[in-house]
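Some notes on the structure that comes next.
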Amino acid sequence: MGASRGQKLSGIQKQVLSLYRGFLRTARSKPPENRAQIESIVSAEFRKNSQLIDRKNFLHIEYLLRRGKKQLDQLKTVDSVRSSNVE
């Protein structure tokens with residue numbers, strides 16, 4: 001996205017990066033056999049959307065952000081559901 005070159009990121013770009021990092025953080029909490037698969041899927045999905053979607057199509061990007069946040073919450077909840085069933 002060019003952040004390393006000194007460019008300022010827009011609010012929506014910061015949200016996208018935050019969501020991506022959230023997925024990677026959550027993947028790290030998963031068992032190693034699942035972690036690589038989750039990271040691969042997340043990376044491929046973000047890369048695909050970055051190429052397919054016009055950067056100025058804010059409505060679609062915001063929709064994808066909302067959908068991604070729901071998916072991230074579901075991914076996080078799988079851990080808490082499993083751990084509460086074990087106890």
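Accessible area per residue for region 1-60 in Å², computed with a 1.4 Å probe and the full protein assembly in place, what is it?
With the other protein chains kept in place, region 1-60 gives 76 Å² per residue.
From the Cα gyration tensor of region 2-73, with a ≥ b ≥ c the square roots of its eigenvalues, which class applies: rounded if a/c is under 1.5, or else prolate if a/b is larger than b/c, or else oblate?
prolate
The values are calculated or read from the model by the stated rules, or taken from the named source; none is laboratory data. As the structure is a computational prediction, the values presented were derived from the model and not from experiment. Areas reflect the complete protein model, heavy atoms only, side chains present, ligands, DNA and RNA absent. Shrake-Rupley method; radii C 1.70, N 1.55, O 1.52, S 1.80 Å.
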